[in-house]
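Have a look at the structure below before the remarks.
The values are calculated or read from the model by the stated rules, or taken from the named source; none is laboratory data. Given the structure is predicted, the values throughout are model-derived calculations rather than measurements. Because the Cβ atoms are built from the backbone with ideal geometry, glycine has one as well, and the counts that use them run over all protein chains shown. Note: areas computed on protein heavy atoms with side chains; ligands, DNA, RNA excluded. Shrake-Rupley method; radii C 1.70, N 1.55, O 1.52, S 1.80 Å.
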Amino acid sequence: MNTAARIVLLLVVALLTGCQPAPSGTAITNVTVIDAINGVREDQTVVFDGDRIAAVSSSRQEVDAARTIDGTGKFLIPGLWDFHVHLTYDDSLTDVMPALFLSYGITSVRDTGGLMHKMLPVVEELRSDGAIAPRVFFSGPLLDGAFVVYDGESRPEIGVRNATPADARAAITELETQGVDFIKIYEMVSPDVFDAMVETANELGLPIDSHVPLSMRARVAGAAVDSIEHLRNIELDCASNAAELHETRLELLGNPDALPGAELRSSMHSLQRTPAIEAYDEKACDQTLAALRSTMQVPTLRLGAFSLAPPARRDDWEDALARIPPAVREDWRSSAMELAGNPVQEFVQFGKWAMFLTGRMHAQGIPIGAGTDTPILVAVPGYSLHSELEYLVAAGLSPLEAIASATVRPAEYFSLQDEMGAIEVGKKADLVLLDANPLDDIANTRSISGVVTKGDYLHKESLLDLVQKAYRDP
Ligand SMILES: [Zn+2]
């Protein structure tokens, strides 16, 4: 052995014996690990260091970590996603939404619509170094057609006008340079504008989220995009007279009465939705669903089937209200009570249809994503995702499949399945520690003991402090 080799050997021996570096990272010990890729693993120790999972091993093995959290009797799942949120929809909630999400175990969100001048500062803050906040993926504005639904008149301004294919190309090219993670196509676009949007997004490698445009059939539009929201307008394509309904819509979209966008859209929903549900044709619908086989569906059942299980009827509703800023609490309490008391028949019918269709889609292998549309329709940020998971189970998903819809499916949508969605070495350290088994009852995803966000462990009390701090001194 030459001298250099001897020195190296001595150094190695010294490192192994005397001067080991101090242990780092955090270990959660004796915990039951549950994810939708590996199923259930009992008696595990999970170590995370920085924002990565460093080890997953049997609790019988010794591990070195700077900090230990006893997970005995507890359950560890991957951090949850809310796959349909609007951070800038209600200014009185924007500042508190990130903390609220974390307090309910949501460590990633997909924002599906907001104007760029409002979105960009929010995204920048959430992504800044050291920010205790969920990961955020955003689309920028709703890309609408010649008429805009969310135009700032009767509804908040989160949509923009795209009257021609050239408008659409320019808008998406600009959004891409501003850093959006995907695009969101809205309901009033014409087929040529829709095609230009799809083509441009594909060229730029941006995933495409969409509503089914009223000018198109779901089997055509749905097959061209990566995700569809709310199941809305799919009922029109599942009707025995789908072609006829489509013809009528094309005429109405000429907008002879020059209605504002929101009114034009509502008038078409009112005219066709219920008749279409009543004219449901299984064969026609199976053709539609076959075209959607690889298009993720985000049914937002807590919105679409709201009347079937309104939040005001839940035991934990007051606790959820207690977490939102005092300035909006009273308003939400009374709105929620009112909504629970007077279910509109048409909404109940759509709710039942949405549950039925979600179950059928799931049975046919269509990927399902868990999203809420928070804060729209008294959806407390974070809280409402757990309601969505319960709806998904009621619609036919198993509890583990519901967890997949809020972990693995969203990761796949952004091609991040190697980074997120399961509890494995090398994956991001986003985790939720639960007091009760979510596979026994999906409602147990609410039993949050602590949350790991980007490698920071926050116990339940610290999470609640974070929420209060966010609205006391935003
Ligand atoms: Zn939305």
Take the residue pairs LYS118/LYS460; LYS283/LYS352; LYS74/LYS460 and return only those whose Cα atoms are more than 22 Å apart. LYS118/LYS460
Nearest-10 value in Å² for the accessible area of GLU461, using the 1.4 Å probe: 110
Once both label points are put 7 Å beyond Cα along the C-beta direction, the ALA243-THR177 separation in nm becomes 4.5
Output the peptides 269-279, 215-225 sorted from most to least packed, where packing is the average of other Cβ atoms within 10 Å over each peptide's residues. 215-225, 269-279
If you count only protein heavy atoms and use a 1.4 Å probe, how large is the accessible surface of THR295, to the nearest 10 Å²? 0
Per-residue ellipticity at 222 nm for the chain, helices alone: DSSP H runs ≥ 4 residues times -39500 (n - 2.57), over residue total, nearest 500 deg cm²/dmol? -12500 deg cm²/dmol
Excluding ligands and nucleic acids, what accessible area in Å² is computed for ARG329 using a 1.4 Å probe, to the nearest 10? 60
Which of rounded, prolate or oblate describes region 190-257 when judged by the alpha-carbon gyration tensor and an a/c cut-off of 1.5? oblate
Give me the distance between the Cα centres of region 361-401 and region 290-311, rounded to whole Å. 7
With a 1.4 Å probe and every protein chain kept in, tell me what percent of the accessible surface of the chain is carbon plus sulfur. 51
Tilt relative to the chain, helix 242-252 - C-alpha long axis, 0 to 90 degrees, to 10: 70
Once Lys and Arg get +1 and Asp and Glu get -1 on their Cβ, which of PHE138, GLY114, ILE158 lies farthest toward the positive end of the dipole of region 107-171? PHE138
Estimated FRET transfer efficiency when R0 is 30 angstrom, pair ASP192-LEU259 (beta carbons, to 0.05): 0.85
For the chain, what is the charge dipole size about the Cα centre, in debye to the nearest 20, if Lys and Arg each add +1 at the Cβ and Asp and Glu each add -1 at the Cβ? 920
Would you mind telling me the antiparallel percentage of the DSSP bridges in the chain, rounded to 5? 50
Taking Cα atoms only, helix 460-472 is inclined relative to the longest principal axis of the chain by an angle, in degrees rounded to 10, of 50
Charge dipole magnitude, Cβ of K and R +1, D and E -1 - region 34-143, Cα centre, debye nearest 20: 220
Scattering curve values for the chain, log₁₀ I(q)/I(0), Debye with Cα scatterers, q = 0.09, 0.10, 0.12 Å⁻¹: -0.61, -0.74, -1.04
Could you give the angle, 0 to 90 degrees to the nearest 10, between helix 191-204's Cα long axis and the longest principal axis of the Cα atoms of the chain? 20
Between SER334 and VAL40, what is the label-to-label distance in nm when each label sits 7 Å out along the Cα-to-Cβ direction? 4.7
When you count, for each residue, the other Cβ atoms within 10 Å and take the mean per peptide, how do 190-199, 342-351 rank with the highest first? 190-199, 342-351
Square roots of 5 times each gyration tensor eigenvalue, C-alpha, region 108-200, largest first, Å: 25, 15, 10
Just the number please: accessible area per residue for region 318-395, 1.4 Å probe, all protein chains included, in Å². 38
In debye to the nearest 20, the charge dipole size for region 246-375, taken about the Cα centre with +1 at each Lys and Arg Cβ and -1 at each Asp and Glu Cβ, equals 360
